[in-house]
Amino acid sequence: MKIDSIAKLDKWRKEIQTKQKAIKTKILICLGPGCLAGGSDKILKEFQTILKKKKIKDVLVESVKKTGCHGFCARGPMVIIEPLGIFYSKVKKVHVKDIIEKTLQKGEIIEKLLYKDPDTDKIYKEWRKIPFYARQQKIALRNVGQIDPDEITDYIVNGGYSALAKILKGMKPDEVIDQVSKSGLRGRGGAGFSTGRKWVTCAKAEENPHYVLCNGDEGDPGAFMDRCIMEGDPHTVLEGMIICAYAVGSQEGYIYVREEYPLAVVNLQKAIDDARKFGLLGDNILGTDLCFDLKISKGGGAFVCGESSALMRSVAGEIGEPRAKYVRSVLKGLHDKPTVLNNVETFANIPVIIEKGADWFAAIGTKKSTGTKAFSLAGKIKNTGLIEVPMGIKLKEIIYDIGGGINDNRKFKAVQTGGPSGGCLPADKLDLEVDFDTLADNGSMMGSGGMVVMDDRTCMVDVSRYFLNFLVEESCGKCVPCREGLFQLHKLNEKICEGKGTEDELKLMENLSKTIISGSLCGLGQSGPNPFLSTIMYFRDEYEAHVKKQECPGGVCKKLITYKINDDCNGCMACLSVCAASAITGKKKEQHTIDEVKCDRCGACYAVCNINAIDII
Amino acid sequence: MIIDSNKIQKVIDDSPQDKKQLIMILQNIQLEFHYLPKESIGLVSEYLGMPQSTVYSAATFYKSFSLVPRGENIIKVCKGTACHIKGADLIIDQLYAGIGIKPGQTTKDMKYTIEVVNCVGACAMAPVMIVNDKYFGEVKCNRATKLVKKG
């Protein structure tokens, strides 16, 4: 069926609405990466198998829906029953029968599957009321976790493609750009460049053709927002791109997806095929003059390809080395033609901005950073997962109110934002408002939205070493200061971790950082020393402890610590069986001992001991 | 390991003869053989009419390509930031103790290859290990080898 007019799209939407009304109860099963690892695919199958045989009022086999990431990964696998919003967490296949027989048939709630706040012991029945969700506001993630990403009808019934219809019905391309500019939307990929300005530059460029690219090369370790959007709501990315194509006069676009996201590729491809089938992509979209088609380009596992010029070269089938940007890529981009390149989350915001208007969007967030931002919460935080919050929210609110605080109620040490190019912010910065400029002014950056929380058992010198090692491997090698400079910086950092660093070398590292920043072409090199610079800015005392006292306050750097078994040991033998160096001896139910000479400080014993009987000295 | 050049040629022939498709063609070959056999560099260069050096440079620039044969089972240990601070190194150590190989290596019987990946975007359940596309979250280091052997 080709939808060749806007009237037909509206009619189709109504038809789906009527059909879906028949399904009164919906059972949403999250198939995001976290829940999937917990076996949510088996839970889905079990629901379908049992419901095929059982007849329950208002519940059909079609009631069972697979969705993308619902966000609260720490509590996965989760099952949500709508319209009541009943939230069952940590569900296992064996619970399915119970859920069907008790909740679906009799309307009883299974209390042991509900979420219980570990601090207040309050039990929540409905997901929207849980503090993790209550503080959020979803725009880019509005459909993720709510709809079946494989079903275009699910997207359409939730208002999908109505923004596209709106512009085709009565907005000129420059009016669309005007709305995007007025909304104040800034690129969600990290740099925070004005989306409207980018679009207007491309639209005005005289050379043809114009291209529209979507950056789905989410390479920052610790970030998975774009993954969840591409997997959980692929059509919103498509709609955002089609609107962009209309605005800037493009007929061809690409979505660049990183190799590590195979499911995103599958879901996007299905969305593209469906959109084409129904006449939402290809020639004469919705019966108008708009012609635009899309292809997926798969990355090859190179971090630098997230950089605009490198990404464009990679799409063109070349190696992803960045170029000097005397002329910006919006003018000379893919195949040297004008190109709009926006991030997945940026495109996901577009349909809503068009639908609800620029003023509505601009009223959310802060003056200079409007709207909301998706973040992935990870690290040593209780409520790990995917969130979307208004800009301007305090770091503290994200980490404590939404994130639930630090694991095991340990002490907060730092939060890392912005990936390898970003930085670590300490406890006295928790009152900062999260927006593009505030984070940058404080030595970190918004980045794509990864937020990794660290507790007092994290060594900041080791964190710097980790990121530098990452960047050494990922530097494309074109600019000498980046290729050689980062290599030397990492080597010096490693020396400090081994307790062999000197104070002079710390100064040398700071100088070297300046050279790397000023002598590199692209963002990777220019921000390469950031992990070191931001950690030494806020945690100089830790560097000094390593250099002056050969101590690692976080208890991480292997050369500077020893493990010792204390009197609490009950001789359970867990540590002994895991010790690869055979350094632990002892009999069952008797206190064990560690041979310091044999011990290679791998930390496995510490990780497996359940009764804190191992000390790090 | 000997791979029939005709088989490689067949994969290549099924791809569009377009220089822009270089990376895609290499990805298709790797999908079929789990690595890029030596012959593929020459065959692709002929097919696309570009120097072998260009094909080789792409094959070595992108991390996902392997020029050496990989094992039947690919174990990926994630070393993203969240996994790093939650003990990804412990998993690597324990796998070394359990199956005797380090990241980048393959067991002699060609059964296992361990690779370190930069971030698989499953940070909420760090540390993460992937065995043949099956995700394992919150991996306890003492269970790593068992999970691998179970598959």
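The values are calculated or read from the model by the stated rules, or taken from the named source; none is laboratory data. Since the structure is predicted, the reported quantities are computational estimates derived from the model, not experimental observations. Because the Cβ atoms are built from the backbone with ideal geometry, glycine has one as well, and the counts that use them run over all protein chains shown. Each accessible area value is taken on the protein alone, full model and side chains, heavy atoms only, with ligands, DNA and RNA left out. Shrake-Rupley method; radii C 1.70, N 1.55, O 1.52, S 1.80 Å.
Summary of values
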| quantity | calculated |
| --- | --- |
| Residue ID - farthest from the other protein chains (Cβ to nearest Cβ), chosen from residues in the stretch B:95-119 that are crowded, with 16+ Cβ neighbours inside 10 Å and part of a loop (DSSP other than H, G, I, E, B) | B:Gln105 |
| The one condition in (1) crowded, with 16+ Cβ neighbours inside 10 Å; (2) farther than 30 Å from A:Met445 by Cβ that A:Leu533 fails to fulfil | (2) |
| Filter result (more than 14 Å from every other protein chain (Cβ to nearest Cβ) and either of a type in the set (Asp, Glu) or touching a Pro at 6+ places or on another chain (Cβ under 7 Å) (or both)) within the stretch A:268-304 | A:Leu268, A:Ala271, A:Asp273, A:Asp274, A:Asp283, A:Asp289, A:Asp293 |
| Residue within the stretch A:333-345 that is part of a strand (DSSP E or B) and among the hydrophobic types (A, V, I, L, M, F, W, C) present | yes |
| Residue in the stretch A:432-444 that is in the same structural domain as A:Lys382 (by TED's automatic domain parsing), in contact with a Phe, Trp or Tyr (Cβ under 9 Å, 6 or more places away or on another chain) and touching a residue at least 60 places away in the same chain (Cβ under 8 Å) present | yes |
| Residue within the stretch A:541-554 that is assigned to a helix (DSSP H, G or I), within 14 Å of chain B (Cβ to nearest Cβ) and in contact with a strand residue (DSSP E or B) (Cβ under 9 Å, 6 or more places away or on another chain) present | no |
| Test: residue in the stretch B:87-102 that is free of Cβ contacts under 8 Å to residues at least 24 places away in the same chain, among the acidic types (Asp, Glu) and more than 25 Å from A:Glu321 (Cα to Cα) | yes |
| Count of the stretch A:123-144 residues which are open to solvent by less than 40 Å² (accessible area, probe 1.4 Å) and over 22 Å from A:Ile109 (Cα atoms) | 6 |
| Residue ID - farthest from the other protein chains (Cβ to nearest Cβ), chosen from residues in the stretch A:555-606 that are among the small types (Gly, Ala, Ser) and in contact (Cβ under 8 Å) with a residue 24 or more places away in the chain | A:Gly555 |
| Lone unmet requirement of (1) hydroxyl-bearing (Ser, Thr, Tyr); (2) surrounded by 19 or more Cβ atoms within 10 Å (Cβ to Cβ); (3) farther than 27 Å from A:Leu263 by Cβ for A:Thr120 | (2) |
| Selection from the stretch A:373-430 of residues that are open to solvent by 10 Å² or more (accessible area, probe 1.4 Å), in a helix (DSSP H, G or I) and within 13 Å of chain B (Cβ to nearest Cβ) | A:Asn407, A:Asp408, A:Ser421 |
| Extreme residue, farthest from A:Val578 (Cα to Cα), among residues of the stretch B:130-151 that are open to solvent by 70 Å² or more (accessible area, probe 1.4 Å) and facing another protein chain (nearest Cβ under 10 Å) | B:Asp133 |
| Single condition A:Arg457 does not satisfy, out of (1) within 14 Å of chain B (Cβ to nearest Cβ); (2) under 28 Å from A:Leu560 (Cα atoms); (3) modelled with pLDDT of 95 or more | (3) |
| The stretch B:72-94, subset under 17 Å from the mean Cα position of the chain (by Cα) and not in a loop (DSSP other than H, G, I, E, B), residue farthest from B:Cys119 (Cα to Cα) | B:Asn73 |
| Residue check, A:Tyr254 within 12 Å of chain B (Cβ to nearest Cβ) and either at pLDDT 95 or above or more than 21 Å from A:Gly219 (Cβ to Cβ) (or both) | yes |
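Per-residue answers, yes or no, for (1) buried (at least 21 other Cβ atoms within 10 Å of the Cβ); (2) under 25 Å from the mean Cα position of the chain (by Cα); (3) closer than 16 Å to A:Lys45 by Cα:
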site: A:Phe72; (1), (2), (3): yes, yes, no
site: A:Val91; (1), (2), (3): yes, yes, yes
site: A:Lys106; (1), (2), (3): no, no, no
site: A:Glu111; (1), (2), (3): no, no, no
site: A:Leu114; (1), (2), (3): no, no, no
